[in-house]
1. Check Ala13: other-chain or 5+ apart residues with amide H under 5 Å from its amide H, H built from backbone geometry?
2. Convex hull over the alpha-carbon atoms of the stretch 2-280: what's its volume per residue in Å³?
3. Just for the stretch 2-280, what percent of DSSP beta bridges are antiparallel, to the closest 5?
4. Can you give me the relative contact order of the stretch 135-187 as a percent, contacts being Cα pairs under 8 Å and 6 or more apart?
5. Give me the percent of DSSP beta bridges within the stretch 109-206 that run antiparallel, rounded to the nearest 5.
6. Regarding the stretch 1-153, what are the three Cα extents along the principal axes, ordered largest first, in Å?
7. Can you give me the orientation-averaged projected area of the convex hull built on the Cα atoms of the stretch 226-289, in nm²?
8. Taking θ as phi - 60°, what are the ³J(HN,Hα) couplings along the stretch 37-48 by the Karplus curve (6.51, -1.76, 1.60), each to the nearest whole Hz, with x for Gly and Pro?
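Only the coordinates and a few stated rules stand behind these numbers; no lab work does. Because the structure is a prediction, the values reported are computed rather than measured. Virtual Cβ from ideal backbone geometry, glycine too; neighbours counted across all protein chains shown.
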Amino acid sequence: MKYCVNLPIGGQAAHPRILASLAGEAEEAGWDAVFVEDYIIYQNRQDLPAYDPWVALAAMAAATSRIRLGTMVTPLARRRPWQLARETVTLDHLSGGRLTLCVGVGDPEDLTFATFGEETDLRVRAGIVDEALDVLTGMWTGQPFSYHGRHFQVSQVTCLPRPVQQPRIPIWIGGAYPNLGPLRRAARWDGACLYPTAEPGSAADSGESLTAQQVGEIRRFIDAHRTSRGPFDIVAGGPERGPDPEHTRELIRQSAQAGATWFSEWIPPGNPATMRAIIAAGPTRIGAS
């Protein structure tokens with residue numbers, strides 16, 4: 001089991017210099033990865049400052065040497081895949097091959113889709129995400145690439161350099177469980193970072209962790225429908241750290257037995273000193289990882 005901390009991109013501690021220092025402290029404290037959220041308006045809070053995750057990740061890459069870095073999650077439906085291809089390859093080179101890209105259709109409650117005239121229909125967004133992933137990974141190959149889809153058109157183009165990581169940068173899929181869309185999408189790629197929701201298509205309840213039973217269900221679905229090669233990661237956890245370490249440790253232990261490979265903890269926006277204390281305490285480990 002590996003352990004990641006997920007940091008907010010909004011609030012007083014989200015300044016890129018502060019996030020870079022938090023990433024360095026996370027590396028020293030034994031975390032395996034640091035992720036940042038990806039919002040334009042942070043959680044619809046227009047009263048909070050928000051910063052660009054990719055600029056912040058560049059600062060974090062320069063401040064670290066070991067831990068993996070990435071987004072959790074990037075709403076790919078509002079991104080130009082060719083621009084994201086350049087950003088991700090640049091960050092992969094800057095970090096020495098430590099980037100993981102986690103993508104999804106975007107929070108249904110995110111007001112910025114409507115605010116800026118982006119697609120709000122989740123089914124249409126899902127199609128955009130699938131095509132964008134095809135374009136993104138095609139451009140990562142460093143070979144002549146063309147694409148003709150419903151949402152994207154690419155005339156033959158070659159984009160260099162290739163990522164440091166080969167065959168490519170790992171892609172994790174975020175979304176609501178047990179919705180089939182994110183599960184099917186995840187089976188095409190390298191990992192699943194899902195949160196539980198009561199019914200397919202219902203609003204997310206991001207305050208809950210996947211149960212070990214749900215982790216096992218995800219693992220079985222992926223094993224039955226996987227179309228890509230190589231290892232597959234399942235991220236358990238997700239909410240902020242609870243008050244009972246032994247309860248958390250047992251959840252991690254059961255999740256690992258069910259097939260999870262990562263456990264994630266979110267630190268909510270707040271005082272930087274408070275966030276530093278949580279990071280410095282290190283992950284709630286269950287033993288050698």
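1. Placed amide hydrogens put Gly270 under 5 Å from Ala13.
2. So the per-residue Cα hull volume is 123 Å³.
3. The antiparallel proportion sits near 10 percent.
4. 26 percent
5. 35 percent
6. Principal-axis extents of the Cα atoms in the stretch 1-153, largest first: 46, 42, 27 Å.
7. Over all viewing directions, the stretch 226-289 projects a mean Cα-hull area of 5.7 nm².
8. 6, 10, 10, 8, 10, 5, 6, 6, 9, 6, 8, 9
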